[in-house]
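The values are calculated or read from the model by the stated rules, or taken from the named source; none is laboratory data. Since we're looking at a predicted model, the values are computed, not measured. A quick note on method: Cβ atoms are made from the backbone with ideal geometry, for glycine too, and the neighbour counts reach across all protein chains shown. Surface areas here come from the heavy atoms of the whole protein model, side chains and all, with no ligands, DNA or RNA. Shrake-Rupley method; radii C 1.70, N 1.55, O 1.52, S 1.80 Å.
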Amino acid sequence: MNSSKIRSSDSANTEPASDGTRRASQSTPEQRVTELEYQLAEIQLHLAAANRKLESASSELQASTAKLRDSEEITRSTLGALKASLDREKLALAFAEIGTCEFDVKSSMVRSSDMSLRLFGIRSDQAELPYDTLVECLHPEDRPKFSHALEQCLSGTGNLDIEYRVAWADGSFRWLRTKGDALLDLDGDPIKVLWVTEDVSQRKDMDARVRFLAHHDLLTGLPNRTLFQDRLQQALAGAKRMQSRVALLFIDLDRFKYVNDSFGHRAGDILLQTVAARLRGCVRETDTVCRHAGDEYLIVLSALREPTEAALVAAKVLAIFDEVFVLESHDVQISASVGISIYPDDGQTMEDLIRNADAAMYHSKKSGRNRFEFFTPELNAPVAERLVLANQLRRAIENNQLVLHYQPQFDTATNSLIGAEALVRWNHTDHGLLFPDSFIALAEESDIIHLIGEWVLNEACRQIADWQGKGLNIVPVAINFSAFQFRRSSLVQGVAAAFARHGVKPQQLEIELTENAIMQDPKETAKTLDELHEMGVSLSIDDFGTGYSSLNYLKRFPIDKLKIDRSFVEDLPHDLNDSAIVQAIINLAKSLRMIVIAEGVETKAQLDFLRSLSCEAYQGYLGGRPIDAERFAVLLE
Ligand code: C2E
Ligand code: MG
Ligand code: MG
């Protein structure tokens, strides 16, 4: 039945009652039947509509039930994945022995993971501890440091990133490192601080060992030349401030070779050790005695008022040789010659003072030994060519007299070429090819170093692009940056511009800098290094081991590589001192996930030794000397 038809006939014949029923009182039976038929049809119509609604509602219900089931499934699998990832994270943290803590600002309670409790040496199964209980585990000297760092983190003025000691029940101290950040509410106020903690004791120990080995002479335990130079610099800076004097004593044993040749090396070693111990007894705590080389010792006497005070110490030094030396059952009598130079009277710089004390010592040897002499200007020939050379150097850059040579770097295990170091040379019209040691220091005295730096950077990039254009298998090229270059704020832009100019990728260039370059202005340098690293340039520390920085400190810079200084490689594998240093440096670098490359490898024995220590890479005359770009290209074919 058609509903519109029913309606029209319905409206034509009847008028609906207000209650929806039809008035039938005056109708005939036939009419009544028709009316009832209409009513029935209408009810059927309603029923059909209701049925349809019911059907659609029921199918909707079915659909939403299915959806519900699906979303339940999703929620369940999401939760599962989340739990698995948390478990994995927990596992990773446990494997890495990293503890996590959550500090609640309001309650001052700390929720700690099991590993955290263990690291802090707390034997408790309570996950929540008062903050004060945690701080009590720290070494008393480090507690204020910890609280201060936390306060700075809460006030938003600093990061939570500190190293400190905790005392364990067995009385030992461990070094921990904690890094964390504050969690803020919508108003920006801190509600929690989350931090992670790891044990860095081993790294600290290794670091201290490397530092000790690198700065002391193993035979006598005295500071070596490197540490000595640092102490002398400090003494000179102090004397400048206080307007006082510093004396440098250069001591050389008389006829030491005779002892070695007659009684053997073991006796010679005992003599050097005994002299070291006796010399230490001649000076104040604040003075430094060092082993300079072989049978030479140096003493720095700081904060002197009069040069005559140095003469008193020199006399004491000579007197230690009055007593006989017992060298394995032999009684030996020897003497020494001493030369003295005074700052500022005899020189302003460390180099001048050492050279002049040496000249004075030589003079006392010539004058009959077993005596001391002060330096006098007549002992030295004048040197005044620096200004001329500096002017020539400035012009050398304009006149294209600088050239880069490239030294290959190899993988220790496979001997394959993995990189090159670009080293600058100066084609001097009169003196021939000059090496950087004779002009970089001079350049650093003025802005010439920036001109050289810029030239080297551009020339290296140009050369990389040239090799690339010739279809050669290029390797990353390392260039050396002077500490002075880091004082220029435009350094990063300069590097980026050089890449753009020559179409070179940042990954094709490495930058080498020394520890001392970083330490001169760590904050500024960190910024520059971060920017270079983010750009994709890899960074190496050159001449590692000769500086004074702590590796734990260096860890904060984005360093990829350590280059072990040539001086430690030179006497491998025979020299015990150097073998120990090299081994310690390699271990340390590995623990910090840095690549190690040894410099100055000249012999197969050195390479074999480095290989046995799993040193990853090497560079040196054994693999190849620095050569010009044309000859280096052959290695890239
Ligand atoms: P470095 O960066 O440590 O470079 C390694 C030096 O060791 C180079 O001397 C290289 O020729 C030399 N060498 C490499 N293998 C051996 C070896 O097996 N035995 C020996 N005895 N020596 C080896 P070079 O070229 O005279 O450079 C000396 C220093 O001058 C460099 O030391 C670096 O500090 C500086 N330098 C070189 N080029 C530049 C430069 O472009 N800019 C700056 N700022 N400094 C540079
Ligand atoms: Mg270098
Ligand atoms: Mg080097």
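Figures for the structure shown
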| item | result |
| --- | --- |
| Nearest-20 debye value, the chain charge dipole, Cβ charges on Lys, Arg, Asp, Glu | 320 |
| Computed label-point distance, nm, for sites T157 and S201 using a 7 Å Cα→Cβ extension | 3.4 |
| Calculated FRET value between D437 and S172, using beta carbons and R₀ = 41 Å, to 0.05 | 0.30 |
| Pairwise FRET efficiency - E524 versus V388, Cβ, R0 = 30 Å, nearest 0.05 | 0.35 |
| Low-density loop positions, trypsin sites (Lys or Arg not before Pro), the range 389-481 - DSSP coil, at most 16 other Cβ in 10 Å | K470 |
| Over the range 145-226, volume per residue of the alpha carbon convex hull, in Å³ | 132 |
| FRET E, pair Q243, S614, Förster distance 45 Å, beta-carbon r, rounded to 0.05 | 0.30 |
| q = 0.07, 0.10, 0.12 Å⁻¹, the chain: log10 I(q)/I(0) [Debye, one scatterer per Cα] | -0.66, -1.16, -1.39 |
| Anisotropy class of the range 216-375 from Cα gyration tensor, a/c 1.5 cut | prolate |
| Quotient of C-alpha Rg and 2.2 N^0.38 Å, computed over the range 388-636 | 0.99 |
| For L47, net neighbour charge (Lys/Arg +1, Asp/Glu -1) across residues whose Cβ lies under 15 Å away | 0 |
| Label-point separation, N427 to S262 (7 Å along Cα→Cβ), nm | 5.8 |
| Highest-first arrangement of 426-436, 287-297, where packing means the average Cβ count within 10 Å | 287-297, 426-436 |
| Rounded accessible area of R566 (nearest 10 Å², 1.4 Å probe) | 140 |
| Dipole-positive endmost among H139, V105, N159 within the range 95-205 (Cβ charges, Cα centre) | H139 |
| Per residue solvent-accessible surface (Å²) - the range 216-375, probe of 1.4 Å | 47 |
| For the range 489-629, convex hull of alpha carbons as volume per residue, Å³ | 115 |
| Packing-based order for 316-325, 103-112, using average beta carbon neighbours within 10 Å, highest first | 103-112, 316-325 |
| Gain in span if fully extended, A208 to R501, counting 0.36 nm per residue against the direct Cα distance | 101.1 nm |
| Debye log10 I(q)/I(0) for the range 572-618, one point scatterer per Cα, at q = 0.14, 0.28, 0.33 Å⁻¹ | -0.29, -1.11, -1.37 |
| Distance in nm between pseudo-label sites at R143 and T28 (7 Å out along the Cβ direction from Cα) | 11.5 |
| Filter on K316/K563; K204/K604; K505/K561; K240/K563; K192/K523; K527/K590 - keep pairs with C-alpha separation over 31 Å | K316/K563; K204/K604; K240/K563 |
| Over the range 205-306, volume per residue of the alpha carbon convex hull, in Å³ | 108 |
| With every protein chain in place, the chain: carbon and sulfur % of accessible area (1.4 Å) | 52 |
| Kirkwood hydrodynamic radius (C-alpha pairs) into Stokes-Einstein, the range 95-205, 4 °C and 1.567 mPa s, D in µm²/s | 92 |
| Zone residues, the range 617-637, relative to L472, backbone N less than 18 Å from point 7 Å out along Cα-to-Cβ | 620, 623-637 |
| Equivalent ellipsoid semi-axes - Cα gyration tensor, the range 445-512, angstrom | 23, 11, 10 |
